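Working notes, structure below.
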Amino acid sequence: MSERRAYLDAGIGEMRGVVTLDGRPERLLIARDEDLACQALGALVIGRVRKLERQLALAFVDLGAGPEGVLNLRPEMERVAEGQAVRVEIRAEARGEKGAQLRLLGEASGPPRIEQPAPTIEAELAALTRHPVKTGADARAMADAAEIEALESVFPLPGGGSVSVERTRALIAVDVDVGERGGSEAKRATRAANLAALAAAARVLRLKGEGGLVVVDLAGRGHDGPALLAAARAAFGPDNPGVAFGPISRFGTLELTIPRRRRSVAERLLDADGRPTSQTLALRLVRAIEREAAADPGARLLASCAPDVAGAATPYLKALTDRFGARLQIAADPARPREAFEVKAR
């Protein structure tokens, strides 16, 4: 029977929650100090309808900060009008150029504002596992490991082979590679690889926070459609409600859709070119400073990093000083690569 455990890393500037499935990271939840509360999944917000597009059955809602939310209009929503205050729930976070998806709860009054914040990461973790949430050094290590794995694209399968998970502009492509499996047991090994790949892909997609159209290119030919579909439904069950499957095609592909609910880990951590953002690197630098300051309580520490990372890390210097004393300095080094920061005693 599968076992899930939860970890909470409460760092300076960022909180990270991890759920593991049989010891492997399955979910990575991230909350940063600069996040907009009115854009968070599950928040209840009083917004104001800025524009109606009746032909598209859409309403664009000012949430008070950040991009406008999008409300899908239904026939019974005829009373919704431009300028009207509405009470809405964030059903899916904004991503890319697309605003948050909203659910209408009713009419309201007053300016845009938060009515009820989104559930905390602690609350989400508690709902996902029956075990106590682990904190401290173990949680920090697990969150770091989850962050690394969430940005990878190729994952090994038990018994050999691998599965790759990559996002394109239109869909998520999942490819199953059986590796060196062959010989007289090739058909059985291929079936086992496909079953393992479905379980691995489901875990990895939850870890990455990805959703939308997923196309799985299964290994081999002559697939046992009912068995593979049953395995896929079980593997992606935790993503319900909203998961839908198509039949396995004659080309050996399985298509499914997974609801998008929150920004993916890649969107949170990387820029448009796939590089870690200055904010992501600054928070990694802060964790490195925390680690060195705790390991050597009396040392005066100098953190050297690229200028953009130093600029992003400076707002956290006060919190670091409050915790460890006035013995820390962050220095911008134009010659230093962005990801090659260093923390050492002065």
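The values are calculated or read from the model by the stated rules, or taken from the named source; none is laboratory data. As the structure is a prediction and not an experimental result, all values here were calculated from the model. Every residue, glycine as well, gets a Cβ built from its backbone with ideal geometry; the counts of neighbours run over all protein chains shown. What goes into the accessible areas is simple: the full protein's heavy atoms, side chains included, and nothing from ligands, DNA or RNA. Shrake-Rupley method; radii C 1.70, N 1.55, O 1.52, S 1.80 Å.
With respect to the stated conditions, A312 fails to be at pLDDT 95 or above, surrounded by fewer than 18 Cβ atoms within 10 Å (Cβ to Cβ) and under 22 Å from the mean Cα position of the chain (by Cα). Restricting attention to the range 85-100, does a residue exist that is open to solvent by 80 Å² or more (accessible area, probe 1.4 Å), of a type outside the set (D, E) and farther than 15 Å from C38 by Cα? Yes, that holds for at least one residue.
Return the only residue of A193, A200, A231 being buried (at least 17 other Cβ atoms within 10 Å of the Cβ) and in contact (Cβ under 8 Å) with a residue 40 or more places away in the chain.
Just one listed residue meets the conditions, A200.
All told, R250 falls short of being among the charged types (D, E, K, R) and within 21 Å of the chain's Cα centre (by Cα). State all residues of the range 109-138 that are part of a helix (DSSP H, G or I) and either farther than 23 Å from R261 by Cβ or hydroxyl-bearing (S, T, Y) (or both); if no residue qualifies, say none. Within the range 109-138, A137, D138 qualify.
If you go through the range 145-184 one residue at a time, how many are in a helix (DSSP H, G or I) and either touching a helix residue (DSSP H, G or I) at 6+ places or on another chain (Cβ under 9 Å) or surrounded by 15 or more Cβ atoms within 10 Å (Cβ to Cβ) (or both)?
So the count comes out to 6.
Screening R323, R287 for residues that are in contact with a strand residue (DSSP E or B) (Cβ under 9 Å, 6 or more places away or on another chain) and open to solvent by 20 Å² or more (accessible area, probe 1.4 Å) leaves exactly one candidate, R287. Just to verify a result, which residue in the range 17-47, among those that are within 13 Å of R4 (Cα to Cα) and without any contact (Cβ under 8 Å) to a residue 24 or more places away in the chain, is surrounded by the fewest Cβ atoms within 10 Å (Cβ to Cβ)? Looking at residues that are within 13 Å of R4 (Cα to Cα) and without any contact (Cβ under 8 Å) to a residue 24 or more places away in the chain, I get G23. Determine whether the range 238-248 contains at least one residue that is more than 26 Å from L157 (Cβ to Cβ) and in contact (Cβ under 8 Å) with a residue 60 or more places away in the chain. The answer is no; no qualifying residue exists.
Residues in the range 213-228 that are closer than 17 Å to D175 by Cα, of a type in the set (A, V, I, L, M) and either open to solvent by 30 Å² or more (accessible area, probe 1.4 Å) or not in a loop (DSSP other than H, G, I, E, B) (or both): L213, V214, V215, V216, L228. Inspect all residues belonging to the range 253-263 and state whether any of them is open to solvent by 70 Å² or more (accessible area, probe 1.4 Å) and free of Cβ contacts under 8 Å to residues at least 12 places away in the same chain. Within the range 253-263, not a single residue is open to solvent by 70 Å² or more (accessible area, probe 1.4 Å) and free of Cβ contacts under 8 Å to residues at least 12 places away in the same chain. When R250 is tested against (1) within 30 Å of A141 (Cα to Cα); (2) open to solvent by 50 Å² or more (accessible area, probe 1.4 Å); (3) assigned to a loop (DSSP other than H, G, I, E, B), only condition (1) is not met.
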